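Down below is the structure, laid out as structure tokens.
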């Protein structure tokens, strides 16, 4: 009984898919290391699969602001591996492919992380209209997809 109660409390205290829209809005405002770390701290305990690609991408964003080269590589590699693993398990996940496209679009060429850029863009454009995403977020995705 105690373990059930503890599990229930943890479920209530961890963010889940009900915070997805708020999280999507926050993600697109991330700039500083502090903002990214707060974002990660807020959403890392989630049980919502749809939030995970945003967390992996946020880890990659930490590389942008890291001072030491090994920290940059570590943040980027961790996020990249997790995002690629997620997409491999969920190949139809629109938001994951959108996020990968965003990263690949701005990624330095020496990292050689751009192999899926145009495939992801085509996939996102093809499936965006019929997705269950909020219309405002669809507009954000469309705007960011057209910047290619």
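Since every read-out is calculated from the coordinates, none of them should be taken as a lab result. Small disclaimer: the values here were computed from a predicted structure and weren't measured. FYI the Cβ positions are ideal-geometry reconstructions off the backbone, even for glycines, and counts take in every protein chain you see.
Odds and ends about this structure:
- Residue order, fewest to most beta carbons within 10 Å, for 127, 93: 127, 93
- Helix 94-106 and the longest principal axis of the C-alpha atoms of the chain enclose an angle of approximately 50°.
- Inter-label distance, nm, simple model (7 Å from Cα along the C-beta direction), residue 37/residue 84: 2.8 nm
- Helix 2-13 axis, angle to the chain major axis (alpha carbon atoms, nearest 10°): 40 degrees
- Cα centroid separation - the range 53-120 against the range 22-45, whole Å: 16 Å
- Ranked by the mean number of other Cβ atoms within 10 Å per residue, highest first, peptides 70-80, 98-108, 26-36 order as 98-108, 70-80, 26-36.
- Cβ-Cβ distance of residue 112 and residue 28, R₀ of 35 Å, FRET efficiency by 1/(1 + (r/R0)^6): the value works out to about 0.85.
- Spacing of the modelled spin labels on residue 92 and residue 68, each 7 Å from Cα toward Cβ, amounts to 4.4 nm.
- Principal-axis tilt of helix 117-127 within the chain, Cα atoms, nearest 10 degrees: 60 degrees
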